[in-house]
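Before any comments, here is the structure.
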Amino acid sequence: MTLYGGLVASHRGEFWPFSTFPMFAKAGRVWTRVIVRDVGDDVGGVRWSEVEQHAPSGRPFPLGAASVDQNDLSALMSSAGDRLDRTRRSVLERWFRDVRGDRHLVIYAVRGSLDGDGLVQVRYRPVALLGPTGVVGAAETPR
Amino acid sequence: VIRAAPPFDFDTPESRGERVQALVFEITAVGLAMLALWGWVGPISRTPVIVAPLGVARYLDLSFMLDARWASLNALLACACFVLGLSHRVRFAHLVGLALFHVAYVARFCIGKTDHRSNLIGLSLLSLGLAAALFPDPKLRRRAALGFTLLLFGTAYTSAAIHKLSASGLLWVDGRHLWLWIAEKSVDTMSIYGATHFNFVQRAVLGSRGLGTVMLSAGLGTELFAWMMWMKRPRRWVLFGLVLMHLGIDLSMNISFAANQLLLLMLALPIAETTERYLATKRSDLDPGSSQTRRSAGAGSSRAACRAGRYRG
């Protein structure tokens, strides 16, 4: 049991072969996932500082086709601030290197919660821009 | 100590069907482990740095695994160990394979998240490895592997239910929580495929908080009583219940637990009984006169005994 406790504690609650399954253990918790939108050349149309209630601008960019793992991207970006550190920047550069091309991709952190009436609220916050010239955080984007 | 634990049965005779079922389970676990290993090579080698060192990666530098050649070599060696383990000629092969599997698992976890299917695969390998290392006798090894597997599976599922109750209390089953998880997974589906739609189960749950509560209650109850798989009588039903629970999770939240379902089915399905029936049929097909001969011989003996009795009388 000591070994079990040590291993689970050192793996953020999820250690093979045991797990506290934190996603499901804490019901009703606020979650954050990510989506990627292809905004083409219309970077100016992206609202960088706002949290939006509806699906943001641009077209969906399916991660499956780009061989980017949704869980990995969520783990990387869900706690990202407005500026990207070197690790996040280099990982995003590598993961999207082959699919970025000339387009502009915006990564949104999607936050879900239950409101006072018990209804699901989903809000979107842009966290990074992947363009032909590189990867930048929301606070570093051209305005 | 092991003999005293409930899921271990070393004393009852072992049928050929049980031997077949044990082998089928072992092949399934090893096959799933190999698939997982090779599935991790791509994502690991596409990531330039260890994003978040976890577990043993805090003490060992696993960045060498980010090179596709090392990740592939590790997977190859682990697969070779599992094949040796399957041959039952090298006692510690499964455990060495498991250690390599763990290195790959940790490397995969350090770049994001490893899906939950690897939990039961790992538990199965651990059971098979411990049994092979501790019990050289083939029958005892198979029984120990089954016992360890049931012990660990039952513990894992029941502890998952206890974690839910301790983190959220009885209100964990509130159907609105399922709405929130459905929304979370629909964002994932949208992110992966660029589109999402709700299936009939999701639509029904989103339209009825009560139905969501019933589904969560059924899932929690199934997990909570998973330890009952340690007992022979309810085992099959508990295992089938868990398979159905995973089906419910898949339908309501789009989270596939195919590997878990497959492993549970390999324990739950009547493979041993079916094999026994097949072997009995084959035996009688090969030797159609044997049963008739036995019956005649038996009747003859009876007649002889009767005659002897009459004679004596």
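Starting from the eigenvalues of the Cα gyration tensor, five times each then square-rooted, give me the equivalent ellipsoid semi-axes of the protein assembly as shown, largest first, whole Å. Before the final figure, lay out each step's value.
On the way: eigenvalues 546, 136, 76 Å².
So the three semi-axes of the protein assembly as shown are 52, 26, 20 Å.
Across region B:73-137, the volume of the C-alpha convex hull divided among the residues equals 69 Å³ per residue. Modelled spin-label separation between B:Met231 and B:Leu76, with each label point placed 7 Å from Cα along the Cα-to-Cβ direction: 5.1 nm. Per-residue Karplus couplings for region A:84-95, computed as 6.51 cos²θ - 1.76 cosθ + 1.60 with θ equal to phi - 60°, are listed in order as 8, 7, 5, 4, 4, 4, 5, 5, 5, 3, 6, 5 Hz, Gly and Pro entered as x. Extension gain, B:Arg3 to B:His88, is 28.4 nm, computed as 0.36 nm per intervening residue step minus the present C-alpha separation. Against chain B, whose longest principal axis comes from its Cα atoms, helix B:175-193 is set at around 80 degrees. Remark: region B:237-245, residue by residue, has Karplus-estimated 3J(HN,Hα) of 5, 5, 5, 5, x, 5, 4, 5, 4 Hz, where x stands for each Gly or Pro and the curve is 6.51 cos²θ - 1.76 cosθ + 1.60 at θ = phi - 60°. Both radii were evaluated on the Cα set of region B:148-231; the Rg over Rh quotient, with Rh as the Kirkwood radius, amounts to 1.07. Each label was represented as a point 7 Å from its Cα along the Cα-to-Cβ direction; for A:Glu52 and B:Phe198 these points are 2.2 nm apart. Shielding by partners for peptide A:71-79, expressed as the average number of C-beta atoms from other protein chains within 10 Å of each residue's C-beta, is 4. Result for chain B in a Gaussian network model with C-alpha springs under 10 Å: among B:Ala29, B:Ala259, B:Ala204, the largest mean-square fluctuation is at B:Ala204. I need the shape label for region B:17-60. Rule: rounded when a/c is under 1.5, else prolate if a/b > b/c, else oblate, with a, b, c from the alpha carbon gyration tensor. Note, shape of region B:17-60 comes out oblate. Residues whose amide H comes within less than 5 Å of that of A:His104, counting only those at least five positions distant or on another chain, are A:Val39, A:Gly40 (H built at 1.01 Å from N in the peptide plane). Only alpha carbons enter this Debye calculation for chain B, each as an equal point scatterer, and the log10 of I(q)/I(0) it gives at q = 0.09, 0.11, 0.12 Å⁻¹ is -0.60, -0.83, -0.95. The three principal axes of the Cα atoms in region A:59-106 give end-to-end lengths of 25, 22, 19 Å, sorted in falling order. Say R0 is 41 Å: what FRET efficiency, to the nearest 0.05, do B:Glu14 and B:Leu224 get from their beta-carbon distance? The formula returns an efficiency of 0.85 here.
Pairwise inverse Cα distances across region B:154-197, averaged and inverted, put the Kirkwood hydrodynamic radius at 12.2 Å. Tabulate in residue order the Karplus-calculated ³J(HN,Hα) for region A:40-50, using 6.51 cos²θ - 1.76 cosθ + 1.60 with θ = phi - 60°, rounded to whole Hz; enter x for Gly and Pro. Values per residue, Gly and Pro as x: x, 9, 7, 5, x, x, 7, 8, 7, 9, 9 Hz.
Only the coordinates and a few stated rules stand behind these numbers; no lab work does. None of these values were measured; they are calculated from a predicted model. Because the Cβ atoms are built from the backbone with ideal geometry, glycine has one as well, and the counts that use them run over all protein chains shown.
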